Amino acid sequence: MGHLPPKTIAETLRGIQANELVLPAIQREYVWKPSQVVRLFDSILRGYPIGSFLAWRIDPETVERFKFYGFLKDYSQFDKRHNPDLDLISRQVIAVLDGQQRLTSLNIGLRGSYAVREKYARYNSARGYPTRRLYLNVLSEAAPNDAGLRYDFRLLTDEQVRDSAEDRAYHWFPVTKVFEAPSAIQLMRDLAQAELGNNDFAIDVLGQLHHEVHSNQSLHMYEESDQDVERVLDIFIRVNSGGTVLSYSDLLLSIATAQWKERDARDAIHGLVDALNQTGAGFSFSQDVVLKAGLMLAGINDIAFKVKNFNSENMATLDREWDSIGDSLKLAVALLSDFGLSDATLSAKSVIIPVAYYLHSRGVDDSYRTAVVHAPDRALLRSWVLRSLIVRGVWGSGLDTLLRDLRTVIDTHGGTAFPMVELERTMALRGKSLAVTDELIDDVLELSYGGARTFAVLAMLFDHVDTRNQFHVDHVFPQALLDPKRLRTQGFTRDDIDELARLRDRLANLQLLPGPENIDKSATAPHEWAAKAYATSDAMRSYLTLNELTALPRDAHEFADFFEARRAALADRIRRKLSSAIGETQPIKAEEDEYDGTELDAALED
């Protein structure tokens, strides 16, 4: 291993532009956060070292055996997360083994853009991911901050830059101009046009940044030239042991990419992840879940994330059956959406794996979602899924062992119908009982508005709800009518107000309403809204019965009594509706799961 002559940042980025520097398939994708990008550029401007880099010089004959990708320039968390595929002509290339995140951040900051989801924005809407570019405030240093940053770099949208144009404390200079400028003189001309030609701080800071990018040979790279892939893989694992965590599945995905023959494993798996996550109201399944599901649905005996399980024989099987595996996963996530679940309400992503395996083993298609003949089976599947999400700990530790056991049950008993009884018996033996206990009932009753498990509980308790339509979790007695200021004017004491605030968001004050009805209800007192929405006595009686409502409070003074009455009624309903398919089986101590290697490798970096 040799040490190459140092290069400037600009020289290195030009090498990235020309695809002289590439990324091998064993690299994961870009994962740095905006704060990490800003910290990197702050270090550069301060003249701090940003670490050494490690590359692999690959001979033409070795290049032909592997898959390579280009660096990202314009990153978007929405639709530009995947590195571009490179079809390299047989030639010598330099593949980066250590430093991808830093080099990509330099490429984005000096040449491109960064788009990340805004807080509260929808996951599946491009509008929630506005494009940002890196800017430097050339009027002053950063305000005192906990991050220890000296310079005020920020990733800003065009709108943010425009909105701050009148603020004399800021002048945002696009960092891309520093890379584009042939000399610092051009930057001084830009400052003159902005009427900052006599601002000493602006002149100094831009001159220094241009020097660090174009003149200072600050990037030091070690080079490995050995063509033995096992040696290179070992080096890669050893050097990537800190910083932003590289999941074990990233490495395994890279191994799969090198072995699949029919398709590009990374493109196939990432494409499927994207398709699953765009279903319904949106999900956030990871490649870990999809890879694990792939191993299980392909019938591979050991589904643990171990290198030995990603051998050529298993990868050939996964490659060959990928299309049917993908179809089953898409059907499974569509069913979860039909059950009313989405990213906000799906509290355990792994539940999709046994659902997809059951559908795959039955060989059913999309008609399973709506065909009348499958309605009883769908009801069993829905009941099992929702109850497994409600009980804590089902999809936590011991997952691989549980999944293997569930697969065995489905293989043995799931040929014609969903084997709910047998599945629950096996789960109980693993310490994953769905039996209803007093502790479970108390836990469920304490669920609150906005919690991931809350929707699953309400959907399970009130199965008259057709979750294929859009339903909202709604307060029976509106939040606005329990506002502390309003309550004080009605004569409630401080202790009373605190208690009502505690009860307001708990399960006993929640219901599922169709979206339009919830919007119409708004902050109207429940008895007034219900009298209008359910005008006949039969309609009113049906609404109250279906939603376990003995009476509706007329005002805040009646709320506490209403809450306690409905809480007691819900406790009885929970015991009835969540009763295990195998009765009140007491959980048996779970067996120890096999070590799957993920803990050891959790700290691997880029």
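Starting from 0.36 nm per residue, how many nanometres of slack lie between residue 89 and residue 443 once their C-alpha separation is accounted for?
Length difference between fully extended and current span is 121.4 nm.
Given +1 on the Cβ of Lys and Arg, -1 on the Cβ of Asp and Glu, and no further charges, what dipole in debye does the chain carry about its Cα centre, rounded to the nearest 20?
It comes to approximately 920 debye.
Report the convex hull volume per residue for the chain, counting only C-alpha atoms, in Å³.
So the per-residue Cα hull volume is 189 Å³.
For the chain, what proportion of DSSP beta bridges, expressed in % and rounded to the nearest 5, is antiparallel?
Bridges in the chain are about 75 percent antiparallel.
What shape does region 1-118 take by its C-alpha gyration tensor, where a ≥ b ≥ c are the square roots of the eigenvalues and a/c under 1.5 counts as rounded, a/b above b/c as prolate, and the rest as oblate?
Taking the square roots of the gyration eigenvalues as a ≥ b ≥ c, region 1-118 is oblate.
Could you give P(r) for region 2-221, binned at 5 Å from zero, as whole percent values over all Cα-Cα pairs?
All Cα pairs considered, the percentages come to 1, 6, 14, 17, 18, 16, 12, 8, 4, 2, 1, 0.
Just report the Cα centroid separation between region 185-216 and region 410-480, whole Å.
Each part's Cα centre sits 61 Å from the other's.
If I model a spin label at residue 226 and residue 501 as a point 7 Å from the Cα along the Cα→Cβ vector, what separation in nanometres do I get?
6.4 nm
Find the all-direction average of the projected area of the Cα convex hull for region 318-462, expressing the result in square nanometres with one decimal place.
9.0 nm²
Each label point is 7 Å from the Cα along the Cα-to-Cβ direction; what then is the distance between the points at residue 119 and residue 168, in nm?
3.0 nm
Give me the one-decimal nm value for the distance between modelled label points at residue 192 and residue 550, 7 Å along each residue's Cα-to-Cβ direction.
If labels sit at residue 192 and residue 550, their model points lie 8.4 nm apart.
Which of 337, 286, 35 comes first, and how do the rest follow, when ranked by fewest Cβ neighbours within 10 Å?
Ranked by crowding around the Cβ, least crowded first: 35, 286, 337.
So how much slack lies between residue 215 and residue 417, counting 0.36 nm per residue of separation and subtracting their Cα-Cα distance, in nm?
Once the chain is fully extended between residue 215 and residue 417, it gains 65.7 nm.
Identify, among 78, 491, 458, the residue whose Cα sits farthest towards the positive end of the charge dipole of the chain, taking +1 on the Cβ of Lys and Arg and -1 on the Cβ of Asp and Glu, with the dipole about the Cα centre.
Of the options given, the answer is 491.
Under 19 Å from a label point 7 Å along Cα→Cβ of residue 488: give me every residue in region 546-573 with its amide N that close.
556-557
Which FRET efficiency value, to the nearest 0.05, is calculated for residue 66 and residue 321 with the Förster distance at 25 angstrom and r the Cβ-Cβ distance?
0.60
What size of dipole, in debye to the nearest 20, comes out for region 2-221 about its Cα centre when the only charges are +1 on Lys and Arg C-beta atoms and -1 on Asp and Glu C-beta atoms?
Here the size comes out at about 540 debye.
Each reported figure results from applying straightforward, stated rules to the coordinates on display, with no laboratory input. These figures come from a predicted structure and were not determined experimentally. So basically every Cβ, Gly included, is an ideal-geometry build from the backbone, and we count neighbours across all protein chains shown.
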